[in-house]
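Bear in mind these aren't lab numbers, they're just calculated from the coordinates by the rules spelled out. As the structure is a computational prediction, the values presented were derived from the model and not from experiment. We place every Cβ from the backbone using ideal geometry, glycine too, and count neighbours over all the protein chains shown.
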Amino acid sequence: MILEEISRNLQAGKARDVKALVQQAIDEGIPAQEILEKGLMDGMNVIGAKFSKNEVFVPEVLVAARAMNQGAQLLKPLLAEEGVKASGKVCIGTVEGDLHDIGKNLVRMMMEGKGLEVIDLGTDVSAETFVETAKNENCQIIACSALLTTTMGVMADVVKQAEAAGIRDRVKIMVGGAPVTEEFCRKIGADACTPDAATAANKALEFCLAAQ
Ligand code: B1M
């Protein structure tokens, strides 16, 4: 089946084939969410498990990541809900010291799909940059992603610096990424920790609507 083929080609890092297969799946009428979850994310999960067991290494993971991002780009417009008006502004990034961006990109896409305006600060983003951007751009939400236990601490700095900058009462701080837990979120005084991109987008929309 085509979704398995997408997963297999992603694991092999064949970005061009992944793109073509994703387009084919779209043309066949398979819903974008299903292509994302059962094709692209399935493949990335397999690679992730193999990387953890030292069965594949950084170069293989990088080419798989590139294939994932290219396939996801094609799905982006389809995941956007038609006719939804932008109802809030979010600045998103992967925290300082951390270069993992696949999950962050998915969260951004899902948020955009909910009609939110998203400023993507990229990876390796300092606490200052998150807070300055939220202040200057009037964002209702700062969204921080971290994949490394060693970089999660930057999220605590974001909370502290938002307080110091006097914007804490008008900005919600959302955190997420594989090592980030509810308990950690409470401990650092962030507002929400969500396990996946879709839940993050729903929560962001909820915050923005409540702020209106
Ligand atoms: Co890295 N890496 N990596 N890596 N890498 C992990 C994270 C690791 C768990 C692998 C392992 O060893 N078991 C491990 C971290 C261990 C730890 O800290 N606990 C690790 C390591 C150690 C490293 C390096 C240090 C390896 C090295 O160089 N020796 C190095 C660090 C570089 C750096 O960042 N400074 C490194 C490098 C890399 C690559 C560059 C090769 C590549 C990243 C490419 C890229 O992102 N462009 C990479 C990858 C791909 C992974 C794995 C294999 C996959 C991560 C991923 O993209 N998953 C990962 C192992 C694994 O996860 N099993 C691993 C798919 C993605 C969709 O999931 O990002 O979790 P995820 O996002 C999810 C949720 O977490 C959530 O939504 C998404 C799904 O809907 N989510 C949010 C994410 N952000 C959110 C924010 C929210 C809410 C939800 O609100 C704001």
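Any idea how far the Cα center of region 142-175 sits from the one of region 6-54, in Å?
Centre-to-centre (Cα) distance: 32 Å.
Hey, in the GNM for the chain with a 10 angstrom Cα cutoff, which one of Lys14, Lys104, Lys50 fluctuates hardest?
In the Gaussian network model the winner is Lys50.
To test your reading of the geometry: what angle, between 0 and 90 degrees and rounded to tens, separates the Cα axis of helix 153-164 from the longest principal axis of the chain?
Here the helix axis deviates by roughly 30 degrees.
Just the ratio, please: alpha-carbon radius of gyration of the chain over 2.2 N^0.38 Å, N its number of residues.
1.03
How much length is gained on full extension from Leu78 to Leu99, taking 0.36 nm per residue of separation minus their Cα-Cα distance?
Gain in length upon complete extension: 4.9 nm.
Given H placed on each backbone N at 1.01 Å, which residues far from Gly122 in sequence or on other chains put an amide H within less than 5 Å of it?
For Gly122, whose amide H was placed from the backbone, the distant partners under 5 Å are Thr94.
Using a basic spin-label model with each label point 7 Å from the Cα along Cα→Cβ, how many nm lie between Glu28 and Asn45?
Roughly 1.9 nm, to one decimal.
Under a GNM of the chain (C-alpha, springs under 10 Å), which listed residue has the highest mean-square fluctuation: Thr94, Thr133, Thr150?
Per the Cα network of the chain with a 10 Å cutoff, Thr150 tops the list.
Do me a favour and compute the ellipsoid semi-axes for region 2-82 from its Cα gyration tensor, root of five times each eigenvalue, largest one first, whole Å.
For region 2-82, the semi-axes come out at 23, 11, 11 Å.
With axes computed from alpha carbons, what is the tilt in degrees of helix 15-27 against the longest principal axis of the chain, rounded to the nearest 10 within 0 to 90?
Value to nearest ten degrees: 90.
What angle do you read, to the nearest 10 degrees and between 0 and 90, between the alpha-carbon axis of helix 58-79 and the longest principal axis of the chain?
Helix 58-79 and the main axis of the chain meet at about 80 degrees.
Could you work out which residue, out of Lys89, Lys187, Lys38, moves most in a Gaussian network model of the chain, that is, has the largest mean-square fluctuation with Cα springs under 10 Å?
Most flexible of the set in this elastic network: Lys187.
Cα convex hull of region 89-211: how many Å³ per residue?
Taking only Cα atoms, region 89-211 has a hull volume of 81 Å³ per residue.
Can you show me the helix-derived [θ] at 222 nm for the chain, built from DSSP H runs with n ≥ 4 at -39,500 (n - 2.57) apiece and divided by the number of residues, rounded to the nearest 500.
The helix contribution divided over the chain gives -16500 deg cm²/dmol.
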